[in-house]
Every structure is written in structure tokens, then in C-alpha cells.
Amino acid sequence: MAKALIVLTSHAALGNTGAKTGFWLSELTHPYYALVDKGIDVDIVSIAGGETPVDPKSWDETDPLNARFLADPTLVDHLKNSHSLNNIMPSDYQAIVFAGGHGTMWDFPEDEHVKRVAIAIYQQNGILAAICHGPAALVNMTYANGAHLIANMKVTGFTNEEEQAIGLAGVVPFSLEDKIKQANANFISAEAWANNVVVDGHLVTGQNPQSAIGVGEAVAELLLE
């Protein structure tokens, strides 16, 4: 049976604003159920382990998939007592999904286990996926020879236009769109807030929260080929 891993940020501070951030709830729940409802086993981990920070702006219990997740005490416990990515054996998984949320911009790019686990899964013919700000995991992801994993590949992520629209372009530590382009990837954007899922071989990326379920569906389709 196929098995997937969803990775969450452990970073809770929105720069120097005094506001809280973390992962975006629907960018966990939507791909989670897109996979689980197809019979794919899913584990949830975070960068540091322990309690995972949910971006308070994403706490929407009117979203049916969020409500379904939050109604399951076992899943809620996974968020309160998450395992750390550093304990993961890549050989146990056929896909890895990096959920978004602004917290990812601080801890995904430099984490050695992000690179270790993701590249290993990808090189064993697994699927590498990321949603919204989740592609922050990809910007420094290089092979042993220094080549960027996403070089010459089609990739999307949260755009400069979207970052500016919510007033956080000056708060995040870098522009995600610019960093992806600097890695020599082909950045594929749609209009702001449009569902945009880009699939290039076994690399799947989504532009924004509206793309979260589509990323999960694309990963499921690849796993079940």
C-alpha cells in the first residue's frame, strides 16, 4: 500500500510583527483527505516535533474537511504531539507533501532533514509535492553535486502578487516566487487566488490554499498509477 508523509512547519512567529503564524489548516486537511479517501496511508510530522502551530487566520471550522479533521481526536493529537521529520526513514514513503503557511518561510529552506528526506524519496521514484508557501522547502534543495532539484522544472507557489495583496511582502524573509526563479525553475503562475496545480513528472506544486485539494488529488493519482 502506498504511504505518504505530510510535513508541517514548527515556526509560529510572523517575523517581527508580534503576530502568530504557522501552517495553513486547509493545506493539511485538504491533501490529507484527498489521499486517505483513496486508500493511501498518511503520516503527519513537523520540523521540530511536538505541538504544531496553526496559523490563526486559517482556523475555519466551516470548511468541511477542516471540521472533519478537527472532529477526530487521534488526528488532533497528531498536531499536539507530532513526530519530528528528523526521525523519518525515507524508504517508508512513496510521497512527501510540504503543507504551506507563512511559518514555512522561516524553517523549511535551511532544515537539513527537509533536504535529506525529500531528495531520498524523490530519488527512489517517489513524489515530491508542496503547497502555497510549502515550496519554500524546494528553494535550497540541491543534489550532492550542487545542482538544484527544481532547475529547469515547472514549479508554482505563492506569488509576489498574492504576497503583496495580503500585505506581507515586507514581512517574509524572502520572495518565494523570486527564489524559485533564482533556482532556474520555470515558475508557472495563474491569477491571484486561482486554483493552480502544476505537475512536472513526480514534482507537484500548488500556488495557494485554493490549490491544496488539487495537489492532494494529483499526488494520489500518481501514487495509484
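State the number of residues belonging to segment 51-61 that are free of Cβ contacts under 8 Å to residues at least 60 places away in the same chain and open to solvent by less than 30 Å² (accessible area, probe 1.4 Å). Spell out how you get there, then give the answer.
Going residue by residue through segment 51-61, those that are free of Cβ contacts under 8 Å to residues at least 60 places away in the same chain are 51-57, 59-61.
Narrowing further to those that are open to solvent by less than 30 Å² (accessible area, probe 1.4 Å): 52-53, 55.
Residues meeting the conditions: 3.
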task = Being part of a loop (DSSP other than H, G, I, E, B) and in contact with a Gly (Cβ under 6 Å, 6 or more places away or on another chain) is the filter here, so list the residues in segment 84-98 that pass it.
result = Q94
request  = Sort out which residues of segment 167-181 are without any contact (Cβ under 8 Å) to a residue 40 or more places away in the chain and surrounded by 13 or more Cβ atoms within 10 Å (Cβ to Cβ), and write them in order of number.
outcome  = A169, S175, E177, K181
request  = Only residues that are surrounded by 24 or more Cβ atoms within 10 Å (Cβ to Cβ) and assigned to a loop (DSSP other than H, G, I, E, B): list them for segment 99-122, please.
outcome  = A99, G100, G101, H102, G103, F108
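Among the residues of segment 15-44, which ones are open to solvent by less than 10 Å² (accessible area, probe 1.4 Å) and either at pLDDT below 95 or closer than 21 Å to W59 by Cβ (or both)?
Selection gives T21, G22, F23, L25, E27, L28, T29, P31.
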query = Can you name the residue in segment 146-166 that is closer than 19 Å to Q210 by Cα and without any contact (Cβ under 8 Å) to a residue 12 or more places away in the chain and is also least open to solvent (accessible area, probe 1.4 Å) among such residues?
reply = I166
inquiry  = Quick test of your reading of the structure: N66 fulfils all but one of (1) touching a residue at least 60 places away in the same chain (Cβ under 8 Å); (2) within 30 Å of P173 (Cα to Cα); (3) open to solvent by less than 30 Å² (accessible area, probe 1.4 Å); (4) outside any strand (DSSP E or B). Name the failing condition by number.
reply    = (1)
Residues satisfying the stated conditions in segment 12-47, i.e. farther than 20 Å from A67 by Cα, in contact with a strand residue (DSSP E or B) (Cβ under 6 Å, 6 or more places away or on another chain) and part of a loop (DSSP other than H, G, I, E, B) = A12, I40
note = Restricting segment 130-145 to residues that are open to solvent by 10 Å² or more (accessible area, probe 1.4 Å) and out of contact with any strand residue (DSSP E or B) (no Cβ under 7 Å at 6 or more places or on another chain), the one nearest to V198 (Cα to Cα) turns out to be N140
query = Looking at A194, A136, A147, which is the one that is within 29 Å of P64 (Cα to Cα) and out of contact with any Ser or Thr (no Cβ under 6 Å at 6 or more places or on another chain)?
reply = A194
request  = Would you be able to tell me the number of residues in segment 189-202 that are closer than 21 Å to T142 by Cβ and open to solvent by 30 Å² or more (accessible area, probe 1.4 Å)?
outcome  = 3
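The values are calculated or read from the model by the stated rules, or taken from the named source; none is laboratory data. Everything numeric here is computed off the predicted structure, so don't read it as measured data. With ideal geometry, Cβ positions are generated from the backbone for all residues, glycine too; neighbour counts draw on all protein chains shown. To get the accessible areas, we keep the full protein, side chains included, count just its heavy atoms, and leave off ligands, DNA and RNA. Shrake-Rupley method; radii C 1.70, N 1.55, O 1.52, S 1.80 Å.
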